[in-house]
Amino acid sequence: MPKLPEQVNLIIAFSTRRHGNMSLYYGNTSEALDNRRNFLSSLGIDYRDLICARQIHGDKIKYVTEVDKGSGANAYGGSIPDVDGFITDKKNVPIAVFTADCLSVFLYDPKTPAIGMVHCGWRSTKENIVAKAIKLMQERFNVDPKNLHAGFGSSIRSCCYEVSKEFKDYFPKDLIEKDGKFYLGLAAVNKKQLTDAGLKDENIFPPQVCTFCHNDEFFSYRKEGMDCGRMMSVMMLK
């Protein structure tokens, strides 16, 4: 298990089903703001400062600062459009993505310091979105990928993520074939993309449990459908 540096001024968290639905758009949204307030206040974050993305399963990453605080915090329409991840080097700027089977990837550079938060479904993974986030961190903050630490939120795992045969065109070396069916491991593919981008294997925290297998603990799009709730992955430099 990798270890973060001893002096870490960082908040990093991933909500579960027991924290309630965190989306202001999907699922039962009636208590979503209260859920956000309760979850984030326990972390020392003001929910009104949250920066949210209007995720489209693309490969765009946005650099955000203090002026972006509150984007999507109180209403989905205020979310930053057409992005699937954020980077920042500013303190007290909380960034978030929302998932229900998709993978969230946390990036942290203790040297700058700087952070990145990425939403990785299969489409974004196909476009190597994590490498694009790292490239933007290099351009903006001059980070060395060897100093980056990365971790994953809970997502659907290869045990349950059955995909069509056409996915062999997208992930020719990454599909698992079992009993004539094909399965994809989002975390495994993203881990490879992280190491290909220059991260040290020992700086990558292992993937978390399967959201489909553990639907009692997590929302799962595959198991529940479009109207299921969403978990929140959140990071903030202190």
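When Lys69, Lys111 are screened for being within 18 Å of Tyr47 (Cβ to Cβ), basic (Lys, Arg) and without any contact (Cβ under 8 Å) to a residue 60 or more places away in the chain, only Lys69 passes.
Does Gly229 meet the test of being among the small types (Gly, Ala, Ser), out of contact with any strand residue (DSSP E or B) (no Cβ under 6 Å at 6 or more places or on another chain) and open to solvent by 10 Å² or more (accessible area, probe 1.4 Å)? Spelling it out, it is not the case that Gly229 is among the small types (Gly, Ala, Ser), out of contact with any strand residue (DSSP E or B) (no Cβ under 6 Å at 6 or more places or on another chain) and open to solvent by 10 Å² or more (accessible area, probe 1.4 Å). Scanning the stretch 192-204 for residues that are open to solvent by 50 Å² or more (accessible area, probe 1.4 Å), in contact (Cβ under 8 Å) with a residue 40 or more places away in the chain and either within 23 Å of Leu10 (Cβ to Cβ) or not acidic (Asp, Glu) (or both) returns Lys200, Glu202.
A single entry from Asp84, Asp49, Asp89 fulfils the requirement of being touching a helix residue (DSSP H, G or I) at 6+ places or on another chain (Cβ under 9 Å), open to solvent by less than 10 Å² (accessible area, probe 1.4 Å), in contact (Cβ under 8 Å) with a residue 40 or more places away in the chain and among the acidic types (Asp, Glu): Asp84. All of Arg157, Arg140 fail the test of being more than 19 Å from Ser104 (Cα to Cα), in contact with a strand residue (DSSP E or B) (Cβ under 7 Å, 6 or more places away or on another chain) and either in contact (Cβ under 8 Å) with a residue 40 or more places away in the chain or surrounded by fewer than 21 Cβ atoms within 10 Å (Cβ to Cβ) (or both), apart from Arg140. Among the criteria (1) open to solvent by 50 Å² or more (accessible area, probe 1.4 Å); (2) in contact with a strand residue (DSSP E or B) (Cβ under 7 Å, 6 or more places away or on another chain); (3) in contact (Cβ under 8 Å) with a residue 60 or more places away in the chain; (4) among the aliphatic types (A, V, I, L, M), the one Leu237 does not fulfil is (1).
Number of residues in the stretch 72-81 that are open to solvent by 10 Å² or more (accessible area, probe 1.4 Å), without any contact (Cβ under 8 Å) to a residue 40 or more places away in the chain and touching a helix residue (DSSP H, G or I) at 6+ places or on another chain (Cβ under 8 Å) equals 1.
Condition first: in a loop (DSSP other than H, G, I, E, B) and open to solvent by 40 Å² or more (accessible area, probe 1.4 Å). Now tell me which residues in the stretch 60-71 satisfy that.
We begin by selecting, within the stretch 60-71, every residue in a loop (DSSP other than H, G, I, E, B); these are 60-61, 64-65, 69-71.
Hits for the stretch 60-71 are Lys60, Lys69.
The values are calculated or read from the model by the stated rules, or taken from the named source; none is laboratory data. Everything numeric here is computed off the predicted structure, so don't read it as measured data. Cβ atoms come from the backbone with ideal geometry, glycine included; neighbour counts cover every protein chain shown. Only protein heavy atoms, including side chains, enter the accessible area calculation; ligands, DNA and RNA are left aside. Shrake-Rupley method; radii C 1.70, N 1.55, O 1.52, S 1.80 Å.
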